[in-house]
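The structure under discussion appears below in the form of C-alpha cells.
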Amino acid sequence: MIEHSPSAWKDDIFNQAILKVSNHDWYYKSIDFYLREHPEHLNDLLKSVATKVDLNKCVNVLRNSGYLWFVKDFLESVQTNNNLSVNEALNELYLEEGEHENLKESV
C-alpha cells in the first residue's frame, strides 16, 4: 500500500497487515508514510505497533519530523513502560504546554 499509491491505502486493512510483517523497518516506513499522508491516524498506528517498535527509535523519528506534539496520546499510553526517551519527550511537551500537574505526575 505504501509503495503503490496513497490512494490504495485503507486504514483498517493497513493496521491488520502491518502487525504481520517480520521486517521491523516497515514499522518505521509506515510511521513516515502516516506522517506524510495520514497524520490524523498516526496515534492509532503507533498504539497498534507499540509493542513491536523500539520506543527510543520511534521517539527519535517523531522528534526529527517535528511531530512529537502530535503523538502525545501515544506517548502517554506507553509511558507505563518507563522508557527514558518517552518520559523525556512527554516532560518536554508538558513544559511547553504549561501542564504542570501532568509534569508533576510524570516525574
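The table for this structure:
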quantity	calculated
Condition met for residue 105 (modelled with pLDDT of 90 or more and assigned to a helix (DSSP H, G or I))	no
Which listed residue, of 74, 33, is under 9 Å from the mean Cα position of the chain (by Cα) and either aromatic (Phe, Trp, Tyr) or not in a helix (DSSP H, G or I) (or both)	74
Residue, surrounded by the fewest Cβ atoms within 10 Å (Cβ to Cβ), within the stretch 79-94, restricted to residues that are aliphatic (A, V, I, L, M) and in contact with a helix residue (DSSP H, G or I) (Cβ under 6 Å, 6 or more places away or on another chain)	93
Subset of the stretch 39-71 [in a loop (DSSP other than H, G, I, E, B) and in contact with a Pro (Cβ under 8 Å, 6 or more places away or on another chain)]	67
Scan of the stretch 27-56 for residues that are without any contact (Cβ under 8 Å) to a residue 12 or more places away in the chain and surrounded by 15 or more Cβ atoms within 10 Å (Cβ to Cβ), ordered by number	34
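The values are calculated or read from the model by the stated rules, or taken from the named source; none is laboratory data. Keep in mind the model is a prediction, meaning the values are calculated, not measured. Using ideal geometry, Cβ is built from the backbone for each residue, glycine included, and neighbour counts are taken over all protein chains shown.
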